[in-house]
Amino acid sequence: MSQTDGPLPAHPGSLLRATLKDLDCPKAVAARLLKISRQTLYEIIGEKQAITPSVALRVAKLTGTRPQMWLDMQQVHDLALARTQSRNLLKNVPQLEERW
């Protein structure tokens with residue numbers, strides 16, 4: 001994917017939503033097991049809130065995955081989103097030359 005083309009990389013909430021569905025785990029139960037509010041879980045799986053390192057640790061434990069995977073997904077998504085939202089601003093930021 002180039003810096004300006006293509007869809008945004010998946011938010012980790014979409015994978016968490018699919019994983020909970022595949023595991024037949026109700027969202028309310030998952031929230032309780034993760035020790036987060038249902039609202040927080042709904043915001044994450046609704047792709048409105050980021051997965052924090054603390055939540056990534058818990059999600060990884062619950063799903064048998066690695067916390068770094070969840071954080072990497074979040075970082076890739078966030079960077080692509082920032083790149084898209086900052087496209088016009090970045091056009092006006094010069095690159096320093098070697099003399100600096």
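Just so you know, all these numbers are worked out from the coordinates, no wet-lab data involved. Owing to the predicted nature of the structure, the values given are computational and were not obtained by experimental measurement. We place every Cβ from the backbone using ideal geometry, glycine too, and count neighbours over all the protein chains shown.
Kindly evaluate residue 36 against the criterion of being within 26 Å of residue 87 (Cα to Cα) and without any contact (Cβ under 8 Å) to a residue 60 or more places away in the chain. So residue 36 does not fit the description; no.
Taking region 17-54 on its own, how many of its residues are in contact with a Pro (Cβ under 9 Å, 6 or more places away or on another chain) and among the β-branched types (Val, Ile, Thr)? Show your work before the answer.
Taking region 17-54 as the starting set, the residues that turn out to be in contact with a Pro (Cβ under 9 Å, 6 or more places away or on another chain) are 20, 44, 47, 50-51, 53.
If we keep only those that are among the β-branched types (Val, Ile, Thr) as well, we get 44, 51.
The number of residues fulfilling the criteria is 2.
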